[in-house]
């Protein structure tokens, strides 16, 4: 794509393709400034690595010309006053060319409300269409109203939302079972039941754009072996529990407990069938916290569907605090080049 230059100023100004060999440092500084206050520890580490990579510019140039790595770092930057003030990245999501993801859309605070973000987004969508993409997805904070308006005006629609919550410290909690819903550990052979539950929990439109696959819920021999080694070496255990009705699972709980030789917070994941919301959340949360009471005291992190209000309220009753809500938006591209 030819860069769109803006005349009347000394030097180049406007949109041009991202150049991995010369833009990494400038983009890292832009992202650090644009998302100040939102960056987490992992984000800051990633930005430091980006800044360090700029010193390898002669070698990084090979990435942009290597057929094997074609498309590894595609995207665009916006240049004004001899510096990068806008950025957007585009990457394929998974094998093939159908599904693409847009990320890291950022505009320097001093250059906002000039249409730069829209120019970057339109260039990214055009690039995806030229490369045969049919579906575009991105993530945005629900509280970022300006970005939400931009994406919706370009045709993006909500696929699903995810709310992240954190607990600073695990306190002793007794397990409170749900009457009529027995809970038990589930075996590696029951992955298909977890898959069927996920199909009921994940919105249909999100599944159409990013289909669930049964193998993702299957505990292969290699996966079980890796988990066993983690348990023996790092004292990192994974507990899996399920609540069933008849022959099907109506709720699942996965607790990743970090031992004394592990780093980072404990994690928990839970799914509840839509027909059983409001009935099982307290049993799942208290089961998780009672299990974690046996391990070193540290924080706990979890993510739940943003529309699962019963889960969010239950977690908050037990001390969890909402960290953020991310919306996953999607855009379908027609073969004729128009957005649906």
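Can you say whether residue 125 is part of a strand (DSSP E or B), in the same structural domain as residue 36 (by TED's automatic domain parsing), surrounded by 18 or more Cβ atoms within 10 Å (Cβ to Cβ) and at pLDDT 95 or above, as far as the supplied structure shows? No; evaluated as a whole, the condition is false for this residue. What pairs come out if I take residues in region 98-115 that are in the same structural domain as residue 23 (by TED's automatic domain parsing) and pair them with residues that are part of a loop (DSSP other than H, G, I, E, B) and buried (at least 18 other Cβ atoms within 10 Å of the Cβ) whose C-beta lies under 9 Å away, six or more apart or interchain? Every condition considered, the pairs that remain are 98/133; 99/133; 99/210; 100/133. The residue list 333, 253, 261, 268 contains one member that is in contact with a helix residue (DSSP H, G or I) (Cβ under 6 Å, 6 or more places away or on another chain) and outside the structural domain of residue 240 (by TED's automatic domain parsing), which is 333. Any chance region 280-289 includes a residue that's more than 18 Å from residue 266 (Cβ to Cβ), touching a helix residue (DSSP H, G or I) at 6+ places or on another chain (Cβ under 7 Å), in contact (Cβ under 8 Å) with a residue 60 or more places away in the chain and not assigned by TED's automatic domain parsing to the domain that holds residue 128? Checked region 280-289: at least one residue is more than 18 Å from residue 266 (Cβ to Cβ), touching a helix residue (DSSP H, G or I) at 6+ places or on another chain (Cβ under 7 Å), in contact (Cβ under 8 Å) with a residue 60 or more places away in the chain and not assigned by TED's automatic domain parsing to the domain that holds residue 128. Within region 20-33, the set of residues being more than 19 Å from the chain's Cα centre (by Cα), in contact (Cβ under 8 Å) with a residue 60 or more places away in the chain and surrounded by 15 or more Cβ atoms within 10 Å (Cβ to Cβ) comprises 23, 27, 30.
Residues that are in contact with a strand residue (DSSP E or B) (Cβ under 8 Å, 6 or more places away or on another chain), part of a helix (DSSP H, G or I) and at pLDDT 90 or above: does region 212-230 have at least one? No, because not a single residue in region 212-230 is in contact with a strand residue (DSSP E or B) (Cβ under 8 Å, 6 or more places away or on another chain), part of a helix (DSSP H, G or I) and at pLDDT 90 or above.
Across region 132-149, the number of residues qualifying as more than 20 Å from the chain's Cα centre (by Cα), surrounded by 14 or more Cβ atoms within 10 Å (Cβ to Cβ) and under 24 Å from residue 16 (Cβ atoms) comes to 1.
Does residue 309 count as modelled with pLDDT of 95 or more and within 21 Å of residue 326 (Cα to Cα)? When the stated conditions are applied, residue 309 passes them. Whether a residue is out of contact with any helix residue (DSSP H, G or I) (no Cβ under 6 Å at 6 or more places or on another chain), surrounded by fewer than 19 Cβ atoms within 10 Å (Cβ to Cβ) and under 28 Å from residue 320 (Cβ atoms) was assessed, and residue 228 does not pass this test.
Of the listed requirements (1) more than 16 Å from the chain's Cα centre (by Cα); (2) modelled with pLDDT under 90; (3) surrounded by 12 or more Cβ atoms within 10 Å (Cβ to Cβ), residue 155 misses just one: (2).
Look through 192, 239 and report the one residue that is in a helix (DSSP H, G or I) and surrounded by fewer than 17 Cβ atoms within 10 Å (Cβ to Cβ). Don't jump to the end; show me each part of the working.
Numbers: 239 fails: in a helix (DSSP H, G or I).
Matching residue, one of 192, 239: 192.
When region 171-193 is filtered for residues that are touching a helix residue (DSSP H, G or I) at 6+ places or on another chain (Cβ under 8 Å) and under 15 Å from residue 284 (Cβ atoms), the ones remaining, listed by number, are 173, 174, 175, 176, 177, 178, 181, 183, 186. Checking 150, 158, 120 one by one, the residue that is outside the structural domain of residue 267 (by TED's automatic domain parsing) and in a strand (DSSP E or B) is 158 and no other.
The values are calculated or read from the model by the stated rules, or taken from the named source; none is laboratory data. What you are looking at is a predicted structure, and each value in this text was computed from that prediction instead of being measured. Cβ coordinates were reconstructed from backbone atoms using ideal geometry, including for glycine residues, and neighbour counts include every protein chain displayed.
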